[in-house]
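The values are calculated or read from the model by the stated rules, or taken from the named source; none is laboratory data. Please read all numbers here as calculations on a predicted model, not as lab measurements. So basically every Cβ, Gly included, is an ideal-geometry build from the backbone, and we count neighbours across all protein chains shown. With ligands, DNA and RNA removed, areas are computed over all heavy atoms of the protein, side chains included. Shrake-Rupley method; radii C 1.70, N 1.55, O 1.52, S 1.80 Å.
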Amino acid sequence: QALASWREQALSVTLTARTETQARRLFSLLEDRSIAAQLDLGVSRAGQADLAQPAAAAPGLPLARAQSPGVTVRVGGLTRGLVAESAGHVFVTEEEIFGKRAHRSAARKQSPRAALEDLRALAPGDFVVHVEHGIGRYLGLENRDVGTGAPVDLLVVEYRGGDKLFVPVYRMNQIQKLSGGETDGGRLDRLGGQTFAKTKAKVKRQVREMADELLSLYAQRAATQRISLPAADAEYLAFEAGFPFEETPDQATAIADVLGDLEQERVMDRLVCGDVGFGKTEVALRAAFRHAMAGNQVALLCPTTLLANQHYHTVRRRFAEYPLKVEMLSRFRNKKAQTQIVSELRAGKLDVVVGTHRLLSKDVHFKRLGLLIVDEEQRFGVAAKERIKQLRKDIDVLTLSATPIPRTLQLALGGLQDLSIIATPPLDRRSVRTTTARYDDALVQSVIERELARGGQVYYVYNRIEGLAERAARIQALLPRARVAIGHGQLSETVLERTMLGFVQGEYDVLVTTAIVESGLDIPRANTLIVDRADLFGLAQLYQLRGRVGRSSERAYCYLLVPPPSRLTDEARMRVDALTRYTELGSGMQIAELDLELRGAGNFLGAEQSGAVASVGFELFCQMLSEATQELRGEQVEQDIDPEISIDIEALLPSDYVSEVGVRLSLYKRLAGAADDAHVTDLAIEIEDRFGSLPRAAQNLMELMRLKARLRRLRVLSCEASARAVTLHLREDTPLDVAKITRLAVERPELYRVTPLGQVVRRATERERSAGGLALAATMLREIAPQ
């Protein structure tokens, strides 16, 4: 109505959005309402600044009169709109249309795979796995000359008997950290021995059996066809525009992945993995809205009544303006209400139902279930998972998890389940400072006092109901003025709900509770967590508990109270150490990987445990699973080449450029695994952005990695490059034209030499010395393998 009024007054209307994505949404909404408009995205940063202060070019002059009235959508930084009738202009911001939004600065995109392959946490003494030589102990990073005249960074790995392997940084893709390794030397392989080859052969047989079973199960789902959902309409655009935050880059990608799945005829089976509070729920809400508005029923399955209650209120709030009926089925509903809800589900009168295990009961039937959303799958038991498996055969399934269970993670990384990772933290989120300590009254008292002094609240978690009241009484004695409440699963629904609601509303200072709060409470004021006997909790459970705090811009603290080291098992110590080590935002995938190695891969279809992952390491296991899956699908598996390279110039990241060894290791590994020039260039831009202009040695390293990527594609086994000559050793299946190279050797014998079978090619420099081995190698490849 306002637009129509302004246009009647012949005013030019400009709608401004902070991002291009939101500008396109605005434009689409106008189009769907048949409002003529133009989309202008050609605004530079300087142009945005002009737009933020819509004034004439010269200070003090009036705003220029609009030339032609109309509606334009642009990207701009206006904080509020204005109406300048005398100048014929109206400016309206997106906040004035959709409400206030929180904004974030652009974050650098991290590869999901890089999150798993990161070596930043690698420390001397840790176990590592080399893809050819097996399990060894990492000793450190050394810089030495290996006979080429130029120093090289080498990763040193010790094997059984004290033998050492020196791995050049350009082959770092062959190394992975063995997170779940034992602390003695009994697991070390012998360098050059057959032990690891036999282990790999055994694991390969196990992996093939797993892949065979999995493929038959997932082939049923892949063959199931359904009517794809229609493309997003104006109602959906308005719904997503009502999200009160800007989507993080990873969140936007996950949403696009899910919406793309819904518009296929193949049923969706996607895992969205992201830390607590990173925006997984909004991804699920977008999918739920699309299904519900298309006439299908949606079920959102939660592991606890607390989480179900939180999701229920979130869904109702977001769906309030639309003709969708939302209900909750859990023990927070009385028997009469539950019977009514079950009846309405069967009759198709309910569009969205949020519930706990109660949704999996035999008396619950859906008339037109289209989407099942499973939140925190790792919290469900075996029986519940079997029921979920029955439900998911011919409907869309979206699984949300911060630390996916090993089986689910393997499915996703093995290519049998689609995976989206949300690793970008929310606006202003800070990591949780994690400390391990022995129990001490003075420590507990000071920790709680400090939190209460800054107006916060405290979780005190102990996972034994019989000792909970005793601990609450001790805290009350230590802090007489503190308001202490107790919460656990054996309380009545009414009492538990009243207690939790009271804590949410700030009526209590300290909540002494069991792990029932592991998921479901979102309380920004609660920023200190104390876990009593943390050694008795699982790794994923500890990680989830820590996610209860740090949900605001305030610094949060987590204290893991454990017995003396002599009373801790090796595995318990490793779990607690891991939580102390992985404190960065977005560490859920690393936690899940370590959990997988500690607990074993397991039988994908049952509860049996397997040592396959622990035997070869997580990355190699996933690679073997992927290859086995490809083979069983009848696809050709091409064994990768990792060429040996010897050059005569310094190519590395200098220690005075990237000072932290762990960061250098991480960057080396990512560069060594780069698939092509573009990937190397992207990494080079990222490194320059983080550490400044590349020094000469680092520039050489980028050229070396580009050379390596080309040599891999050409199936070159090794390359020795110096200022005088370059020698290539070719594999039999090289795509190079050996006949062409032979002709070059005949036409230019002073430069080229080729062995009779064409497996070794040598090119000399045309002068006394060339600019260096890298430059000569690049020249040679241009001549024998023009791009």
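By how many nm would the segment from Lys325 to Ala675 lengthen if fully extended, with 0.36 nm per residue of separation less the alpha-carbon distance? Could the numbers behind the result be given before it?
Values: separation 350, 0.36 × 350 = 126.00 nm, distance 4.94 nm.
The span from Lys325 to Ala675 would gain 121.1 nm if fully extended.
Let's test the formula: R0 of 45 Å, r as the Cβ-Cβ distance of Val760 and Asp522. What FRET efficiency results, to the nearest 0.05?
On the way: r = 65 Å, r/R0 = 1.44.
It comes out at approximately 0.10.
At full extension, Ala482 and Ser446 could sit 11.7 nm farther apart than now, given 0.36 nm per residue minus the alpha carbon distance.
Hey, rough spin-label estimate for Asp689 and Lys204, points 7 angstrom out along Cα→Cβ, what's it come to in nanometres? Modelled inter-label distance: 4.0 nm.
In whole angstrom, how long is each semi-axis of the equivalent ellipsoid of the range 617-701, when you take the square root of 5 times every eigenvalue of its Cα gyration tensor and sort them from largest down? Can you show the working numbers first?
Working: eigenvalues 200, 42, 31 Å².
Sorted largest first and rounded, they come to 32, 15, 13 Å.
Remark: accessible surface ordering of Phe503, Phe245, Phe166 (largest first) is Phe245, Phe166, Phe503, probe radius 1.4 Å. Using heavy atoms of the protein chains and a probe of 1.4 Å, the accessible area assigned to His89 is about 40 Å². Under 5 Å between amide hydrogens, built in the peptide plane, is the criterion, and for Ser718 it picks out Glu644, His729 among residues at least 5 positions away or on other chains.
Full extension of the chain segment joining Gln340 with Val738 gains 135.6 nm, where the gain is 0.36 nm per residue of separation less the Cα-Cα distance. Averaging the Cα positions of each part gives two centres, and for the range 506-581 and the range 451-494 these lie 14 Å apart.
Please work out how much accessible surface Ile227 shows to a 1.4 Å probe, ignoring ligands, DNA and RNA, in Å² rounded to 10. Roll a 1.4 Å probe over it and Ile227 shows about 150 Å². Summarising the amide proton neighbourhood of Ile422: residues at separation of 5 or more, or on other chains, whose placed amide H is nearer than 5 Å comprise Cys273, Gly274. Put simply, the amide H of Ser361, placed in the peptide plane, has no neighbours under 5 Å, leaving out anything fewer than 5 places away on its chain.
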